[in-house]
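To start, the structure under review is shown below, and the notes come after it.
Read the figures in this text as sums done on the coordinates, not as results from a lab. Predicted, not measured: the structure shown is a model, and the values here were computed from it. Methodologically, a virtual Cβ is constructed for each residue, glycine included, from the backbone with ideal geometry; neighbour enumeration extends over all protein chains shown.
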Amino acid sequence: MTQPSPFLAEVKEAVTPRATLLVAGVLALSLLFITSYVGALHDPKPRDVPVGVVAPPAVAGQTVDRLAGLPGSPLDPRALPDAGTARAQILNRDLYGALVIDPAGTRDTLLVASGGGRVLALALETLFTDLERPQDRTLRTVDVVPADPQDANGLTPFYLTVGWCVGGYLCASIMAISSGSRRPTPRRTLIRLFAMAVVAVVAGLGGTLIVGPILGALPGSIPALWGLGTLTVFAVGAATLAFQSLFGLAGIGLAILIMVILGNPSAGGALPPPLLPPFWKDIGPALPPGAGTWAARSIAYFRGNDSTGSLLVLSAWAVGGVAVALLTATVRGRDRGKGGGRDQDRTETAAVP
């Protein structure tokens, strides 16, 4: 029988089947990263943006019909009784803007909220300016919820949330990988979750102090942002530990897929939700980066309005992560006990991080 050449033998030792699978997984993640980010951000167009129309009843009805019939359905208009109602609904995050028509003149007013995303506010201003020009009317833009001057393009809430999410899955991954090939037991899982909670408290406070008092890049309640940061970091960390308990090293890749590849471009940071394509617009609110970004903006600029749903999403990820991690460790602990003890467990799980 012919012996393999020394070079081929060296290749087999250097590139094991497990390493090949891991490299293939990383390659797939890199291609999905490109697909997700470019697919979400390459062609921003407003789609069904909720806006209000303030005008006398007859004019309001005609204007709503005209805006609703625009090609591509960029706006989702509704008539409002007065400018005060429009401002209140923008502050409540029910609307992104409102057109206040002056029936006695030719200069109308567009109300926007750059605190909810400067890119979208500019897109609305451009769109309504183009619509007003053929009718020989002019437009005055009023920013009723302005972004902080130090919050360039209104992106600080997004970057803050991304930082918290990165801290969550990296810390959880490090704790999982550092244990080597041992399966997570219920006690070990509880210790990891407790450590994750401590990390979350520190990271939440640290991020809040950096963007607030230290850099002055984001207004808002320090306790509220601290609480949001703590919940975000723990939710992502607990979910990552759960994925790792279920799928081993592949679970860390799954966490990156959900939090980074799908979560970041759909979070509404660079492009607010109405500017995202349907798939990313739909999944964003259900993932931690999107929920955290929405809640951070609500706390910073909208007095915390409309943040309950996002906080519930983050809580669901946290509770679900804890439950799955503990349940998986408990079930596998029972299986290990039935399988013949520690020696057999070490043999069977040598490839599991």
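The table below lists the values:
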{"read-out": "The chain: most fluctuating residue of Ala291, Ala224, Ala325 per GNM, C-alpha cutoff 10 Å", "value": "Ala224"}
{"read-out": "Built amide H within the under 5 Å cut-off of Val49, gap 5+", "value": "Leu75, Asp76"}
{"read-out": "Nitroxide proxy distance, nm - points 7 Å out along Cα→Cβ at Gln62 and Leu122", "value": "3.4 nm"}
{"read-out": "Relative contact order for the chain, counting Cα pairs under 8 Å that sit 6 or more residues apart, in percent", "value": "19 percent"}
{"read-out": "Between the stretch 29-58 and the stretch 128-187, the Cα center-to-center distance that results, in Å", "value": "15 Å"}
{"read-out": "Using θ = phi - 60° and Karplus 6.51 cos²θ - 1.76 cosθ + 1.60, couplings along the stretch 152-158 (whole Hz; Gly, Pro as x)", "value": "4, 6, x, 9, 4, x, 5"}
{"read-out": "Thr308-Phe247 pseudo-label distance in nm [points 7 Å out on the Cα-to-Cβ vector]", "value": "3.4 nm"}
{"read-out": "In sequence order, calculated HN-Hα J values of the stretch 29-35 (Karplus, 6.51, -1.76, 1.60; Hz; x Gly/Pro)", "value": "5, 5, 5, 5, 4, 4, 4"}
{"read-out": "Rounded to the nearest 20 debye, dipole of the stretch 119-203 from Cβ charges on Lys, Arg, Asp, Glu", "value": "1060 debye"}
{"read-out": "Extension gain from Ala83 to Val331, taking 0.36 nm per residue of separation minus the Cα-Cα distance", "value": "83.4 nm"}
{"read-out": "Karplus (6.51, -1.76, 1.60) ³J(HN,Hα), θ = phi - 60°, over the stretch 292-297, in Hz, Gly and Pro reported as x", "value": "x, 5, 4, 5, 5, 5"}
{"read-out": "Positive-pole candidate from Pro6, Gly253, Ile174, dipole of the chain, charges at beta carbon", "value": "Pro6"}
{"read-out": "Packing-based order for 69-82, 234-247, 24-37, 163-176, using average beta carbon neighbours within 10 Å, highest first", "value": "234-247, 163-176, 69-82, 24-37"}
{"read-out": "Zone of Tyr37's modelled label, taken as backbone nitrogen in the stretch 236-270 under 19 Å from a point 7 Å along Cα→Cβ", "value": "253-270"}
{"read-out": "Cα gyration tensor shape for the stretch 49-143, rounded if a/c is under 1.5, else prolate or oblate", "value": "rounded"}
